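Please read the structure below before turning to the comments.
The values are calculated or read from the model by the stated rules, or taken from the named source; none is laboratory data. These numbers come from a predicted model, not from an experiment. Cβ: placed from backbone, ideal geometry, glycine included. Neighbour counts: every protein chain shown.
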Amino acid sequence: MFSSVALLAELQGVIERDKFAGAIAKRGLSVSDLIDGYGALVEIVRPVRLRSAILRDPDDDIVLATALAASVDAIVSGDKGLTDFGRFSSGTSRSSPPRKRSHS
């Protein structure tokens, strides 16, 4: 798995939101614990420089730039802007993560 400093910063901004504070604290963790743990699982790469905005949401371009830098085969995302994009010229494709199954 690959990430970039920019994507780690974005993740940190998301999990610092108040709506996640209770769940994080309940597990005896901190935002720093989660970011450090995730950072240890991924290889950090420097995103390639894109000539212009590629995706419908320019904020998603960092995901594509990071994937291109890592020469990945696929991007797994629940972001509709990424999953609707299809295949990029490098052959990198995007797909949605598997849906959670309910255990009934």
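Scan the range 15-33 residue by residue and report those that are part of a helix (DSSP H, G or I), out of contact with any helix residue (DSSP H, G or I) (no Cβ under 6 Å at 6 or more places or on another chain) and surrounded by 10 or more Cβ atoms within 10 Å (Cβ to Cβ). Let's see the steps before the verdict.
Narrowing the range 15-33 to residues part of a helix (DSSP H, G or I): 15, 18-26, 31-33.
Going one step further and asking which of them are out of contact with any helix residue (DSSP H, G or I) (no Cβ under 6 Å at 6 or more places or on another chain), we end up with 18-26, 32-33.
Those that are part of a helix (DSSP H, G or I), out of contact with any helix residue (DSSP H, G or I) (no Cβ under 6 Å at 6 or more places or on another chain) and surrounded by 10 or more Cβ atoms within 10 Å (Cβ to Cβ): Phe20, Ala21, Ala23, Ile24, Ala25, Asp33.
Which members of the range 49-75 meet the condition of being of a type in the set (A, V, I, L, M) and surrounded by fewer than 14 Cβ atoms within 10 Å (Cβ to Cβ)?
Of the residues in the range 49-75, the ones of a type in the set (A, V, I, L, M) are 50, 53-55, 62-65, 67-70, 72, 74-75.
Answer for the range 49-75, where residues must be of a type in the set (A, V, I, L, M) and surrounded by fewer than 14 Cβ atoms within 10 Å (Cβ to Cβ): Ala53, Ala74.
Mind checking which residues of the range 26-50 are among the basic types (Lys, Arg), at pLDDT 95 or above and within 14 Å of Ala69 (Cα to Cα)? First the steps, then the outcome.
So in the range 26-50, the residues among the basic types (Lys, Arg) come out as 26-27, 46, 49.
Among the residues that remain, those that are also at pLDDT 95 or above are: 26-27, 46.
Answer for the range 26-50, where residues must be among the basic types (Lys, Arg), at pLDDT 95 or above and within 14 Å of Ala69 (Cα to Cα): just Arg46.
How many of the residues in the range 66-90 are hydroxyl-bearing (Ser, Thr, Tyr) and modelled with pLDDT of 65 or more?
Keep residues of the range 66-90 that are hydroxyl-bearing (Ser, Thr, Tyr), which gives 66, 71, 77, 83, 89-90.
Checking the rest, the ones that are also modelled with pLDDT of 65 or more come to 66, 71, 77, 83.
Number of matching residues: 4.
Given the structure, is Ala65 of a type outside the set (Val, Ile, Thr), assigned to a loop (DSSP other than H, G, I, E, B) and at negative phi? Break it down stepwise before answering.
Numbers: of a type outside the set (Val, Ile, Thr): yes; assigned to a loop (DSSP other than H, G, I, E, B): no; at negative phi: yes.
It is false that Ala65 is of a type outside the set (Val, Ile, Thr), assigned to a loop (DSSP other than H, G, I, E, B) and at negative phi.
Against the definition (surrounded by 14 or more Cβ atoms within 10 Å (Cβ to Cβ), of a type in the set (Ser, Thr, Tyr) and at pLDDT below 90), how does Ser93 come out, yes or no? Full working, then the answer.
Details: surrounded by 14 or more Cβ atoms within 10 Å (Cβ to Cβ): yes; of a type in the set (Ser, Thr, Tyr): yes; at pLDDT below 90: yes.
Criteria met by Ser93.
Count, please, the residues in the range 1-23 that happen to be among the hydrophobic types (A, V, I, L, M, F, W, C), under 19 Å from the mean Cα position of the chain (by Cα) and farther than 27 Å from Leu68 by Cα. Reasoning before the result, please.
So the first thing to find is which residues in the range 1-23 are among the hydrophobic types (A, V, I, L, M, F, W, C), and the list is 1-2, 5-9, 11, 14-15, 20-21, 23.
If we keep only those that are under 19 Å from the mean Cα position of the chain (by Cα) too, we end up with 1-2, 5-9, 11, 14-15, 20.
Imposing the further condition that a residue be farther than 27 Å from Leu68 by Cα reduces the set to 20.
Total satisfying the criteria: 1.
Could you check the range 32-46 and list, in sequence order, the residues that are closer than 12 Å to Ser3 by Cβ and either touching a Gly at 6+ places or on another chain (Cβ under 6 Å) or among the hydrophobic types (A, V, I, L, M, F, W, C) (or both)? Steps first, please.
Pass one, the range 32-46, residues closer than 12 Å to Ser3 by Cβ: 35, 38-46.
Correct list: Ile35, Ala40, Leu41, Val42, Ile44, Val45.
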